[in-house]
There are 4 protein chains.
Amino acid sequence: MAPTTQQPDAPGAGAAPARGKGRPRSAAADLAILDATRAALAELGWGGLTMGDVAVRAGVAKTTLYRRWPSKNELVVDAIAILFDQLECADLGSLQADIEAVVAQFADLLSRPETQAALLALFAEGTRDRQLQQRIRERIVEPQKVLVQLGRANAQARGEMGPDEDPATACEEIDIIFDTIAGTVEHRLLVSGEPITPEWIRRFTTLLLNAFPGLN
Amino acid sequence: MAPTTQQPDAPGAGAAPARGKGRPRSAAADLAILDATRAALAELGWGGLTMGDVAVRAGVAKTTLYRRWPSKNELVVDAIAILFDQLECADLGSLQADIEAVVAQFADLLSRPETQAALLALFAEGTRDRQLQQRIRERIVEPQKVLVQLGRANAQARGEMGPDEDPATACEEIDIIFDTIAGTVEHRLLVSGEPITPEWIRRFTTLLLNAFPGLN
Amino acid sequence: MAPTTQQPDAPGAGAAPARGKGRPRSAAADLAILDATRAALAELGWGGLTMGDVAVRAGVAKTTLYRRWPSKNELVVDAIAILFDQLECADLGSLQADIEAVVAQFADLLSRPETQAALLALFAEGTRDRQLQQRIRERIVEPQKVLVQLGRANAQARGEMGPDEDPATACEEIDIIFDTIAGTVEHRLLVSGEPITPEWIRRFTTLLLNAFPGLN
Amino acid sequence: MAPTTQQPDAPGAGAAPARGKGRPRSAAADLAILDATRAALAELGWGGLTMGDVAVRAGVAKTTLYRRWPSKNELVVDAIAILFDQLECADLGSLQADIEAVVAQFADLLSRPETQAALLALFAEGTRDRQLQQRIRERIVEPQKVLVQLGRANAQARGEMGPDEDPATACEEIDIIFDTIAGTVEHRLLVSGEPITPEWIRRFTTLLLNAFPGLN
DNA sequence: AGGTAACCGAGACGGTACGTCCGGTCTTGGG
DNA sequence: CCCAAGACCGGACGTACCGTCTCGGTTACCT
């Protein structure tokens with residue numbers, strides 16, 4: 001048996017780069033591959049996405065792909081996760097404005113063809129593959145949830161909300177808010193297939209604030 | 001130009017029973033195929049679903065399958081749609097109870113392995129294939145939305161809500177309520193991967209009723 | 001269940017038409033089918049020949065084909081055999097002339113695209129299917145061999161040959177002559193792919209007559 | 001002869017220097033495939049020969065097969081051609097003996113089930129596909145014709161025949177002799193279905209020598 | 001400077017599923 | 001009993017990708 005079962009691993013994930021002996025991996029290849037993945041995703045959709053095609057687009061051998069990502073799913077998670085890392089929660093002075101900004105950002109992200117093609121497909125795969133679901137949560141879902149936590153903290157700092165009384169209850173509340181925002185936006189955009197306009201965002205945000213009586 | 005391109009067409013969908021020429025299609029085969037599809041879906045998931053395997057399970061030739069459904073997507077839509085046709089909206093005497101019942105039904109449906117495996121994958125394909133999206137909406141989404149409309153009508157009959165003032169506004173309101181319920185439940189169950197308990201349903205329903213100030 | 005396993009049978013083969021109860025078979029269909037078979041053979045070759053296509057060309061249902069011929073092979077044998085039934089052995093006054101005429105006729109037959117496409121393919125199938133080989137011999141090979149026998153009889157009548165001494169020896173001699181003529185013409189035309197000209201026929205006939213010293 | 005690494009791919013600019021890039025094709029696979037082809041041919045006949053079956057017998061993927069041979073026809077030509085490459089023309093001291101030896105060799109070859117199954121079927125396909133016919137001639141027919149030329153040269157060396165007077169005439173004579181030998185043996189064995197015994201060979205050879213008066 | 005270990009491209013490899021086609025059978029309604 | 005139409009089962013087709021495996025060659029570190 002091979003003594004070193006060389007696990008393929010995504011580049012940015014590990015902490016120590018394990019400065020080895022041989023030729024180091026091309027850093028440019030990572031970017032090229034992820035870009036190519038998003039491009040192929042936008043152009044062909046999840047079903048049309050092919051490892052061979054990504055390799056060709058990236059000017060890279062298929063071997064290089066598999067050396068870094070164990071399968072299509074993981075590759076796409078990383079390719080899409082980059083987009084979700086760009087989400088930000090600006091403090092605009094009021095909870096209403098902050099929520100609207102977050103929803104707008106999220107809606108923008110879900111309007112990109114590569115995101116549309118990939119997101120639901122990844123979620124679907126995740127229902128079967130627990131490890132993938134974990135990875136999706138870490139790289140894609142968590143960054144969104146952080147926005148909710150940040151917004152909540154900002155609101156508390158501004159005095160719009162009282163401080164958390166019970167951490168467990170607070171965590172549950174964050175979960176339900178998050179599922180509601182993310183789920184509703186995704187459903188309207190990707191399932192119902194209708195656009196998300198500023199008017200819709202305002203309406204939805206108002207409903208959301210109404211739902212929590214503690215907030216005026 | 002021929003208006004009916006329908007070479008492969010699902011049974012029951014078309015209005016005209018077509019020409020009475022030739023040997024008629026086996027009605028039993030339809031049921032066997034759809035059952036086999038759901039079974040394979042529950043067992044192997046979307047990615048593991050194979051037309052050949054479905055055919056074998058149904059005791060049917062692959063050609064028979066393709067004669068009726070042009071592709072995996074359409075087949076799965078029909079196989080899953082049957083489940084959504086079973087949704088009902090009982091009048092339990094209060095809006096809160098009615099909503100809770102609907103959410104519970106929907107959560108039950110999404111807890112079935114075949115639904116989990118298929119639903120998000122179908123939605124994902126739908127973002128690329130407009131015709132498929134239309135079909136999904138007709139066969140899967142619409143039956144759910146009808147429940148919201150029914151619940152609303154029941155509430156109005158009971159006097160919990162005032163009558164619709166503007167039909168367009170009412171329609172928009174139904175849309176937003178529907179996207180919120182469906183999206184939130186789906187997101188919690190399939191993306192966040194957390195269970196939907198009666199407590200959660202009660203909390204969520206309460207928030208929902210809070211959100212609409214017209215309802216006490 | 002049906003007590004009589006109704007064997008499909010070629011139309012012209014049986015003696016008694018078995019004047020039955022129901023609707024009699026369409027006589028026109030037989031001709032149309034055989035014509036269509038030859039046409040398809042000439043156009044598409046053996047490999048491209050399809051029962052469904054023949055049925056369409058003949059304006060007939062596939063069922064009708066199978067009611068009369070048990071399979072593609074038998075159908076083609078009959079379709080081609082018709083052509084071989086047209087071979088004749090005219091008495092032209094000399095053995096040389098008679099042989100040349102027969103060879104020319106045979107070469108003409110083998111130059112037709114439908115014959116080319118079918119003959120070798122049938123022979124090939126015949127090497128595996130003893131029953132088919134028998135049928136081929138009866139319907140296709142025998143009519144050719146009869147010409148050799150006739151030519152021999154004519155030559156004897158004209159005094160160019162002495163009478164048969166031993167029937168067994170005569171039969172062997174006919175066999176070897178026949179295999180030589182048929183085999184050589186087929187090989188030149190279908191394998192070597194070169195044309196058969198009057199010059200070639202004269203040369204070949206001369207060699208043939210040389211080969212048998214009893215003939216001056 | 002090696003299968004010439006004939007890519008079924010588009011030839012592109014032509015005369016590509018065949019870059020030594022990538023993993024080289026397995027040489028063992030070629031032999032295994034050709035052996036498997038002959039075995040399947042002998043067992044199942046031309047009609048029963050299946051690319052998938054050959055692949056399984058050879059322990060090879062179907063893709064490997066198609067990567068090397070564009071179709072069943074070409075594969076079988078190569079598989080059978082190997083057998084014809086083994087034909088030899090020994091100088092046994094007299095033309096009669098040499099011819100008898102050649103005929104016997106040829107009859108032996110045609111008695112092998114794989115040859116029987118393949119040869120006529122290939123010839124039949126060759127009548128439709130000019131490229132295939134060319135390939136058959138190069139790989140199968142030509143090796144046989146060489147024997148005739150060699151035998152003739154040997155006879156001239158021994159003084160049994162005078163030297164060629166006109167090259168064109170000589171060539172024509174070789175052609176007619178060859179078509180006669182090959183065609184007659186094939187027809188007796190494969191069409192008439194009768195065995196080729198030493199007695200038959202002696203008779204046939206005698207007739208052949210009679211036919212050419214220049215030979216005593 | 002030379003090893004050597006890990007990288008890289010290219011592409012062949014064993015598999016699996018695809019969607020199509022055809023052979024031969026059967027089941028309709030109608031003649 | 002025949003016919004046309006067409007659905008049915010089974011099975012081979014040739015293609016497309018998957019993920020793995022050799023190849024020859026290329027860096028970069030470590031003696």
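Do we have any residue at all in the range A:38-46 that's away from chain B (no Cβ under 14 Å), surrounded by fewer than 21 Cβ atoms within 10 Å (Cβ to Cβ), under 21 Å from the mean Cα position of the chain (by Cα) and near DNA strand F (Cβ under 8 Å from one of its atoms)?
Scanning the range A:38-46 turns up no residue that is away from chain B (no Cβ under 14 Å), surrounded by fewer than 21 Cβ atoms within 10 Å (Cβ to Cβ), under 21 Å from the mean Cα position of the chain (by Cα) and near DNA strand F (Cβ under 8 Å from one of its atoms).
So, in the range D:112-133, exactly how many residues are within 13 Å of D:LEU41 (Cα to Cα) and not basic (Lys, Arg)? It would help to see each step written out before you state the result.
Taking the range D:112-133 first, the residues within 13 Å of D:LEU41 (Cα to Cα) are D:112-122.
So of that shortlist, the ones also not basic (Lys, Arg) come out as D:113-122.
Total satisfying the criteria: 10.
In this structure, does D:ILE196 turn out to be of a type outside the set (Asp, Glu), in a helix (DSSP H, G or I) and in contact (Cβ under 8 Å) with a residue 24 or more places away in the chain?
Answer is no for this residue.
In this structure, does B:PHE123 turn out to be buried (at least 22 other Cβ atoms within 10 Å of the Cβ) and either over 23 Å from A:GLY126 (Cα atoms) or away from DNA strand F (no atom under 16 Å from the Cβ) (or both)?
So B:PHE123 passes the test.
Count, please, the residues in the range A:193-207 that happen to be crowded, with 19+ Cβ neighbours inside 10 Å and within 7 Å of chain B (Cβ to nearest Cβ).
2
I need a count of the residues in the range A:61-81 that are more than 19 Å from A:GLN133 (Cβ to Cβ) and not hydroxyl-bearing (Ser, Thr, Tyr).
Here is the first cut: in the range A:61-81, the residues more than 19 Å from A:GLN133 (Cβ to Cβ) are A:61-68.
Now drop any that are not not hydroxyl-bearing (Ser, Thr, Tyr), which leaves A:61-62, A:65, A:67-68.
Here the count works out to 5.
May I ask you to say which residue of B:ARG188, B:ARG130, B:ARG137 is within 13 Å of the chain's Cα centre (by Cα), charged (D, E, K, R) and within 12 Å of chain A (Cβ to nearest Cβ)?
Of B:ARG188, B:ARG130, B:ARG137, the one residue that is within 13 Å of the chain's Cα centre (by Cα), charged (D, E, K, R) and within 12 Å of chain A (Cβ to nearest Cβ) is B:ARG137.
Scanning for something β-branched (Val, Ile, Thr) and under 20 Å from C:ILE196 (Cβ atoms), does the range D:137-158 turn up at least one residue?
Initially, the range D:137-158 is screened for residues β-branched (Val, Ile, Thr), giving D:140-141, D:146, D:148.
After this cut, where a residue has to be under 20 Å from C:ILE196 (Cβ atoms) as well, the list is D:141, D:148.
Yes: the range D:137-158 contains one or more residues that are β-branched (Val, Ile, Thr) and under 20 Å from C:ILE196 (Cβ atoms).
Consider A:THR169 carefully, then state whether it is more than 9 Å from every other protein chain (Cβ to nearest Cβ), loosely packed, with under 14 Cβ neighbours inside 10 Å and under 24 Å from B:ALA182 (Cα atoms).
Judged against the criteria, A:THR169 is a match.
Give me the helices (runs of 4 or more DSSP H) completely within the range A:62-115, filtered to those with at least 3 residues that are outside the structural domain of A:ARG128 (by TED's automatic domain parsing), ordered by residue number. Let's see the steps before the verdict.
On the way: elements: A:62-68, A:72-84, A:95-111.
Because the criterion is at least 3 residues that are outside the structural domain of A:ARG128 (by TED's automatic domain parsing), the helices (runs of 4 or more DSSP H) in the range A:62-115 that meet it are A:62-68, A:72-84.
Please verify whether B:VAL77 is free of Cβ contacts under 8 Å to residues at least 24 places away in the same chain and buried (at least 21 other Cβ atoms within 10 Å of the Cβ), treating the condition exactly as stated.
No; evaluated as a whole, the condition is false for this residue.
Restricting attention to the range C:56-67, which residues are surrounded by fewer than 19 Cβ atoms within 10 Å (Cβ to Cβ) and either modelled with pLDDT under 95 or within 10 Å of DNA strand F (Cβ to nearest atom) (or both)?
C:VAL56, C:GLY59, C:ALA61, C:LYS62, C:THR63, C:THR64, C:TYR66, C:ARG67
Take the conditions modelled with pLDDT of 90 or more, assigned to a helix (DSSP H, G or I) and at the interface with another protein chain (Cβ under 7 Å from one of its Cβ atoms) and apply them to A:ILE176. Does it pass?
Judged against the criteria, A:ILE176 is a match.
Could you please find all residues in the range A:145-156 being in contact (Cβ under 8 Å) with a residue 40 or more places away in the chain and either over 20 Å from the mean Cα position of the chain (by Cα) or facing chain B (nearest Cβ under 10 Å) (or both)?
Matches in the range A:145-156: A:ASN154, A:ALA155.
The values are calculated or read from the model by the stated rules, or taken from the named source; none is laboratory data. Bear in mind that the values here come from a model prediction, so they are computed numbers and not experimental data. All Cβ positions, glycine included, derive from the backbone under ideal geometry; neighbour counts span all protein chains shown.
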